[in-house]
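The values are calculated or read from the model by the stated rules, or taken from the named source; none is laboratory data. Source: prediction; values computed, not measured. Every residue, glycine among them, receives a Cβ derived from its backbone with ideal geometry; neighbour counts consider all protein chains shown. These accessible areas exclude ligands, DNA and RNA; they are computed on the full protein's heavy atoms, side chains included. Shrake-Rupley method; radii C 1.70, N 1.55, O 1.52, S 1.80 Å.
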Amino acid sequence: MIVAPHEYVTLDTPYGPMRTHIVRPAAPGKYPGLVFYSEIFQITEPIRRTAAFLAGHGYVVAMPEVYHEFLPAGEVLAYDQAGSDVGNKYKYEKELASYDADTRAVLDHLKSREDCTGELGAIGICLGGHLSFRAAFEPDVRATVCFYGTDIHKGSLGKGQNDDSLARAAEIKGELLMIWGRQDPHIPLEGRRTILARLDELNLRFAWHEVNGAHAFMRDEGARYDPELAMHLYRETLDLFARRLGQGDR
C-alpha cells in the first residue's frame with residue numbers, strides 16, 4: 001500500500017509532553033494500530049523506514065520519542081559512540097513508570113483515532129524490544145514482537161536498574177514473537193535461557209527465534225545489517241499481526 005506522509009502528534013503524559021511520530025496507509029479506511037518502540041537513538045532514518053514498511057502493509061504505526069523528558073522534541077542521537085553513551089545514560093535515568101505511562105498514552109491515542117480499528121499490537125527493537133515486551137502487559141495488546149530486547153534478563157531497565165519485567169510477564173494475555181541474535185553480546189546465551197525459562201514456566205503463547213546475527217542485524221544501516229534475516233523475520237512479524245489483529249480495510 002502507498003504510505004501517507006510522516007506526521008506527528010504531541011501526547012500528554014504524567015512525565016511531560018511526548019512527540020509521537022505517525023505513519024499510516026494513504027488510503028482511507030480503518031487499520032490496526034501498532035506502537036513501535038525505537039532503539040536508544042530515537043526516531044532515526046532506519047526506524048522511519050521500518051515504520052513505513054509496516055504501515056505499507058496496512059497498519060497505523062505510532063513511534064514515541066522515548067527520551068522526551070531529557071531531549072528536545074525531534075532530536076535524534078547519532079549511531080556512534082557518543083550517541084550510544086547518551087542513549088544508554090538516559091535509559092537508566094528514566095523512571096520505569098514513565099516508560100509504562102508512555103505506552104499507555106500511545107495505545108490510548110491509537111484507539112481514539114478514526115483511522116484505527118482499535119486492534120492493537122506492539123513492536124520494538126533493542127531498548128524498544130524491552131519496551132514492547134512491557135507493552136504486552138497491557139490487556140488490549142493482542143500481539144507483540146520483540147527484536148533482541150535488552151536488559152530483560154538482567155532486570156535493569158530504568159532508574160535504579162531494578163525492573164519487574166519478568167515478574168510481570170504473567171500479565172501477558174496476547175501472543176509474543178521473540179527474536180534474538182546468537183552473536184549478540186548484549187543478550188548472551190544464559191540471558192536468553194533465563195527469559196525462555198520464564199515464558200515456558202508461565203505457559204504463554206509465543207514463538208521463539210534465535211538466528212545467526214549480531215546486535216542490530218535488523219537495522220538497514222551499518223556493517224551488521226543482514227537483509228536476508230530481516231526479510232525472513234519481517235514476514236514472521238507481519239504474519240503474527242495479520243493473524244491476531246486482522247487486516248482492517250486493507
Output for region 180-193, where each listed residue is under 25 Å from Ala97 (Cα atoms) and open to solvent by less than 60 Å² (accessible area, probe 1.4 Å): Ile187, Gly191, Arg192
Scanning region 51-73 for residues that are open to solvent by less than 60 Å² (accessible area, probe 1.4 Å) and in contact (Cβ under 8 Å) with a residue 60 or more places away in the chain gives Leu54, His57, Gly58, Tyr59, Val66
Residue pairs qualifying under the 7 Å Cβ cut-off, at least six apart or on distinct chains, with the first in region 1-22 being among the aromatic types (Phe, Trp, Tyr) and the second being surrounded by 14 or more Cβ atoms within 10 Å (Cβ to Cβ) and part of a strand (DSSP E or B), are Tyr8/Arg19; Tyr8/Thr20; Tyr8/His21; Tyr8/Ile22
Yes/no for Leu166 being closer than 26 Å to Ala214 by Cβ, open to solvent by 10 Å² or more (accessible area, probe 1.4 Å) and of a type in the set (A, V, I, L, M, F, W, C): yes
Hey, among the residues in region 32-50 that are open to solvent by less than 10 Å² (accessible area, probe 1.4 Å) and among the aromatic types (Phe, Trp, Tyr), which one's farthest from Thr237 (Cα to Cα)? Tyr37
It is to be established whether one or more residues within region 124-143 are in a loop (DSSP other than H, G, I, E, B) and in contact with a strand residue (DSSP E or B) (Cβ under 6 Å, 6 or more places away or on another chain). yes
Take the conditions under 21 Å from Thr10 (Cα atoms), open to solvent by less than 30 Å² (accessible area, probe 1.4 Å), of a type in the set (Ser, Thr, Tyr) and assigned to a loop (DSSP other than H, G, I, E, B) and apply them to Tyr99. Does it pass? no
Residues satisfying the stated conditions in region 197-250, i.e. touching a helix residue (DSSP H, G or I) at 6+ places or on another chain (Cβ under 6 Å), open to solvent by 40 Å² or more (accessible area, probe 1.4 Å) and more than 30 Å from Cys116 (Cα to Cα): Arg198, Leu202, Glu221
